[in-house]
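The values are calculated or read from the model by the stated rules, or taken from the named source; none is laboratory data. Computed from a prediction, not measured in an experiment: that's the story for all the values here. Glycine also receives a Cβ, built like all others from the backbone with ideal geometry; neighbour counts cover every protein chain displayed. Heavy atoms of the whole protein, side chains included, go into the accessibility calculation; ligands, DNA and RNA do not. Shrake-Rupley method; radii C 1.70, N 1.55, O 1.52, S 1.80 Å.
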Amino acid sequence: MPTAVIMEENFDKLLEQCESQELEAPGGIATPQVYAQLLALYLLNNDMNNARYLWKRIPSAIKSANPELAATWAVGQRIWQRDFPGIYTAIAAYQWSESILPVMEALRESTRQRAYNLVAQAYTSITAEDFAAFVGYSVEEAVKGVVSQGWQADPSTRMVMPKKPDPPPVSLVPNEQQLARLTDYVAFLEN
């Protein structure tokens, strides 16, 4: 089983454990470590609504006493603002504990992969400097990365030309299913 799949399964299990620990905490207030892990895991899953509501329900005394929790929320704020360079800066700016570090590294990589996908879909060409800021690499590392993925890089103009992603396969619905679905819609509209 690939390492990424194993890690993803572990993060999903950890998320479930943290959620149950928060719910079962005495007095309804969990430990700062549980809050920090839960917040980081919500950010990793790009679940900004749950992350925001978790931040709102964490007691202010815990927020102010735990700098790692504040640093995790700073990352969340950058994600909310879609500030890709700020996300990488906020992740690198703090010395994460052993319980949060793997989640933050996975968050950095998933953000980087999301940036690659967004650039591939939205741009026909982009300057190497802008692209490097999007993916959190130096310009040289970013250019090496795009070339390894089959994209083109022009050193004279310092432009990167993304390779368009393959469109998702169109699932063909059999005619009988289409007819049944259409019948359901018409019956619903008539009633």
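What to note about this one:
- Qualifying positions in the stretch 43-88 - surrounded by 15 or more Cβ atoms within 10 Å (Cβ to Cβ), in contact (Cβ under 8 Å) with a residue 24 or more places away in the chain and either under 22 Å from TYR116 (Cβ atoms) or aromatic (Phe, Trp, Tyr) (or both): LEU43, LEU44, ASN45, TRP73, VAL75, GLY76, ILE79, PHE84, PRO85, ILE87, TYR88
- Pairs, first touching a residue at least 60 places away in the same chain (Cβ under 8 Å) and under 14 Å from TYR42 (Cα atoms) in the stretch 90-110, second of a type in the set (Phe, Trp, Tyr) and open to solvent by less than 30 Å² (accessible area, probe 1.4 Å), C-beta under 6 Å, six or more apart: MET104/TRP96
- Residue match in the stretch 160-177 (condition: open to solvent by 80 Å² or more (accessible area, probe 1.4 Å), under 30 Å from TYR94 (Cβ atoms) and at pLDDT below 90): no
- Counted residues, the stretch 114-126 - those being aliphatic (A, V, I, L, M) and open to solvent by 80 Å² or more (accessible area, probe 1.4 Å): 1
- Evaluation of THR111 against (1) surrounded by fewer than 18 Cβ atoms within 10 Å (Cβ to Cβ); (2) under 28 Å from LYS164 (Cβ atoms); (3) out of contact with any Pro (no Cβ under 9 Å at 6 or more places or on another chain) (one fails), failing number: (1)
- Looking across the stretch 127-137, the residues that are open to solvent by 50 Å² or more (accessible area, probe 1.4 Å) and either touching a strand residue (DSSP E or B) at 6+ places or on another chain (Cβ under 9 Å) or not in a helix (DSSP H, G or I) (or both) come down to ASP130, PHE134, TYR137.
- Here the helices (runs of 4 or more DSSP H) wholly within the stretch 29-90 that include at least 2 residues being in contact with a helix residue (DSSP H, G or I) (Cβ under 7 Å, 6 or more places away or on another chain), closer than 19 Å to ARG108 by Cβ and not basic (Lys, Arg) are 32-44, 48-57, 67-80.
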